[in-house]
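Q: This structure is in structure tokens; I'll ask about it shortly.
The values are calculated or read from the model by the stated rules, or taken from the named source; none is laboratory data. For clarity, every value in this text was computed on a predicted model and none was experimentally measured. Using ideal geometry, Cβ is built from the backbone for each residue, glycine included, and neighbour counts are taken over all protein chains shown.
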Amino acid sequence: MNADQPRPDVPERTDENHSPPPLDFSPETRRHWEWPAEEIRRVGYQVVDLIAEHLANLPEQPVFQPVPEELARAFLTTPRPVAGQTPDAILAEFAETIAPYPFGNGHPRFFGWVNSPPAVLSIFAEALAAAMNPSVAGGNHAAVYVERQVGQWFAELLDFPPTSMGLLVSGGSMATLTGLAVARHVKAGWDVRASGLQGATPRLIVYTSVEGHGCARKAVEMLGIGGDNLRIVPADERGRLRVDALEETVVQDRETGHRPIAVVASAGTVNTGAIDPLAEIADLCRRHDLWLHVDGAYGAPAILTKRYREELAPLSLADSVALDPHKWLYMPVEAGLILVRDAEALRDTFSLVPPYLRTDGSPTGVGGPPWLSEFGFQQTRGFRALKVWMALKHHGTSGYAEAIEHDCALAGYLAKRIAERPDLELLAANLSIVCFRYLPRGSGHDAELLNTLNQAILRDLQLGGRAFLSSTILDGRFVLRACIVNPRATIADVEILVDMVETLGARLAEKGVIT
């Protein structure tokens, strides 16, 4: 064929089918996508002003105020935007309709659940990570090495061996799901990845305390093990898993023909802050060939303190540990971590790369070290590590130790003040959690009426805006629960909280909520 002749399967060039497609934007749309440096700075300064105003003015603002009904309705009914708006208009709307109604956890008198304020440098790290916008599945770019370094730092903190692996995930629930997925892979006795569980015998059994976090049940359900195969072990009077009851249950299950595979222990329960006897549980797991996963999402960072270092040292004996930097290390959410003693077991659980094709990677090549997506469920992964890396470098472990000691000391002061007040009853105090209730002087109060009274106190306290608590149930009693994870909280804030609870309790009792 003559080189000058067109190929038979290619149409000849014509103006009609080879004219360039219309790629131009309208001037307004183009401005939305092409931001010059001066415009990025101008809008960025407005954002920084909003951040500074929010953080600096928190102590003077209500701890919490609900979104007004009319505004909530507008959020749920306003149609999608068709025409674009200017950044100034959008930020103005944010300042008017979103900023005034935060969750509340940045306020120094927010003592609900386990929600900390954000470390300031981590806020800026979030913006920098978003600007880089890498997918941290793998490759040879900085974000991959930052996450690996952060994982190594936490392994060092908990005295895990060099064979371990840390992976950043969304939070403690995903960390526990990941840890138990590895436990299932290692301990099932057959290739779960290939064969699944549909025809599986014997039944796989997992154990946790009655005080354990609900994410353990979610995990066993999602992993196909099933909630019926999660054994709930009783706790002692301090809220700690009873090792004698655990061992008895494990033996019974083995005798029945089931296959015990894992124990989920707690290093700081969410209810009361109780720390399970980790060394004894680790010994039991070793003797019975069980995987030990420790939920340290809240309490594990207290290993930095003199007060809890010895009690938490047995974390080093676990097979996997969940730890949430967005709880007691004050990171912006989301920042969870799963630490697994055997990195290859973690990789074997999730990797789709066959072992004969795996590589340790080259620090000078395009591929980089083994891809992080081989070690967990997510393929596309955000740059969560930067905010953790920056905050750790900014505060240092010594600075974090002081902050956590501060929170524990303030919780101890709260427990002391409650014990001194005749109308308050202290029910539990561990780590930085204090559980108590309003109990009017005298005896013979109906249990249900006391529960109703304390529910009313909590409602009025939360809506009042001066302080914020959450609640829990202990031995059938509705109790007020304070969790102090805020270095900006002070003794004055604790005094305001105690006075508010007593004042509300007296007022509600006088109104006839309880007689």
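Q: Take the residues of region 283-295 that are under 29 Å from V388 (Cα atoms) and without any contact (Cβ under 8 Å) to a residue 60 or more places away in the chain: which is surrounded by the fewest Cβ atoms within 10 Å (Cβ to Cβ)? Steps first, please.
A: Our first condition is that a residue be under 29 Å from V388 (Cα atoms); within region 283-295, this holds for 291-295.
Keeping just the survivors that are without any contact (Cβ under 8 Å) to a residue 60 or more places away in the chain gives 292, 294.
Details: L292: 25, V294: 32.
Top of the filtered list is L292.
Q: Across region 73-85, which residue is farthest from I40 (Cα to Cα) among those that are surrounded by 10 or more Cβ atoms within 10 Å (Cβ to Cβ) and at pLDDT below 95? Spell out the reasoning first.
A: Within region 73-85, the first condition is being surrounded by 10 or more Cβ atoms within 10 Å (Cβ to Cβ), and the residues that meet it are 73-75, 84-85.
Still in the running and at pLDDT below 95: 84-85.
Details: G84: 17, Q85: 16 Å.
This residue is G84.
Q: Consider L121 against the criteria (1) within 19 Å of I338 (Cβ to Cβ); (2) in contact with a helix residue (DSSP H, G or I) (Cβ under 6 Å, 6 or more places away or on another chain); (3) surrounded by fewer than 19 Cβ atoms within 10 Å (Cβ to Cβ): it satisfies all of them except one. Which criterion is unmet?
A: (1)
Q: Which condition from (1) surrounded by fewer than 20 Cβ atoms within 10 Å (Cβ to Cβ); (2) modelled with pLDDT of 95 or more; (3) closer than 14 Å to V144 by Cβ is the one that V366 breaks?
A: Of (1) surrounded by fewer than 20 Cβ atoms within 10 Å (Cβ to Cβ); (2) modelled with pLDDT of 95 or more; (3) closer than 14 Å to V144 by Cβ, only one is false for V366: (2).
Q: Can you tell me how many residues within region 498-515 are free of Cβ contacts under 8 Å to residues at least 60 places away in the same chain and surrounded by fewer than 17 Cβ atoms within 10 Å (Cβ to Cβ)?
A: Adding up the residues that qualify gives 6.
Condition check ((1) touching a Phe, Trp or Tyr at 6+ places or on another chain (Cβ under 6 Å); (2) more than 30 Å from T472 (Cα to Cα); (3) loosely packed, with under 13 Cβ neighbours inside 10 Å; (4) modelled with pLDDT of 95 or more) across all residues:
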site	(1), (2), (3), (4)
L50	no, yes, no, yes
P62	no, no, no, yes
L71	no, yes, no, yes
E96	no, yes, yes, yes
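Q: Name the residues in region 473-497 that are surrounded by fewer than 19 Cβ atoms within 10 Å (Cβ to Cβ) and in contact (Cβ under 8 Å) with a residue 60 or more places away in the chain, would you? Steps first, please.
A: Taking region 473-497 first, the residues surrounded by fewer than 19 Cβ atoms within 10 Å (Cβ to Cβ) are 473-477, 488, 490-492, 495-496.
Answer for region 473-497, where residues must be surrounded by fewer than 19 Cβ atoms within 10 Å (Cβ to Cβ) and in contact (Cβ under 8 Å) with a residue 60 or more places away in the chain: L474, R488, T490, I491, E495, I496.
Q: Tell me which of these Y400 doesn't satisfy, since it passes every other one: (1) out of contact with any Cys (no Cβ under 8 Å at 6 or more places or on another chain); (2) in the same structural domain as R193 (by TED's automatic domain parsing); (3) touching a residue at least 24 places away in the same chain (Cβ under 8 Å).
A: (2) is the only condition that Y400 fails.
Q: List pairs: first in region 114-137 and touching a residue at least 24 places away in the same chain (Cβ under 8 Å) and assigned to a helix (DSSP H, G or I), second among the aromatic types (F, W, Y) and surrounded by 15 or more Cβ atoms within 10 Å (Cβ to Cβ), Cβ under 7 Å, 6+ apart or cross-chain?
A: Taking only residues 6 or more apart or on different chains, the pairs are A129/F383; M132/F383.
Listed here are the residues, each with its yes/no results for (1) buried (at least 16 other Cβ atoms within 10 Å of the Cβ); (2) acidic (D, E); (3) not assigned by TED's automatic domain parsing to the domain that holds W113.
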position: T208; (1), (2), (3): yes, no, yes
position: G214; (1), (2), (3): no, no, yes
position: D228; (1), (2), (3): no, yes, yes
position: L241; (1), (2), (3): yes, no, yes
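Q: For a quick check of your reading: which helices (runs of 4 or more DSSP H) sit entirely within region 156-258 and have at least 1 residues that are under 25 Å from the mean Cα position of the chain (by Cα)? Even if it seems obvious, please write down each step before you answer.
A: Details: elements: 172-187, 192-195, 215-222, 243-256.
Hits in region 156-258: 172-187, 215-222.
Q: Let me ask something else. Take the residues of region 259-284 that are of a type in the set (D, E, K, R) and not in a helix (DSSP H, G or I): which is nearest to A429 (Cα to Cα)? First the steps, then the outcome.
A: Going through region 259-284, the residues of a type in the set (D, E, K, R) turn out to be 259, 276, 280, 283.
Filter once more, keeping what is not in a helix (DSSP H, G or I): 259, 276.
Numbers: R259: 36, D276: 14 Å.
Going through the qualifying residues, I end up with D276.
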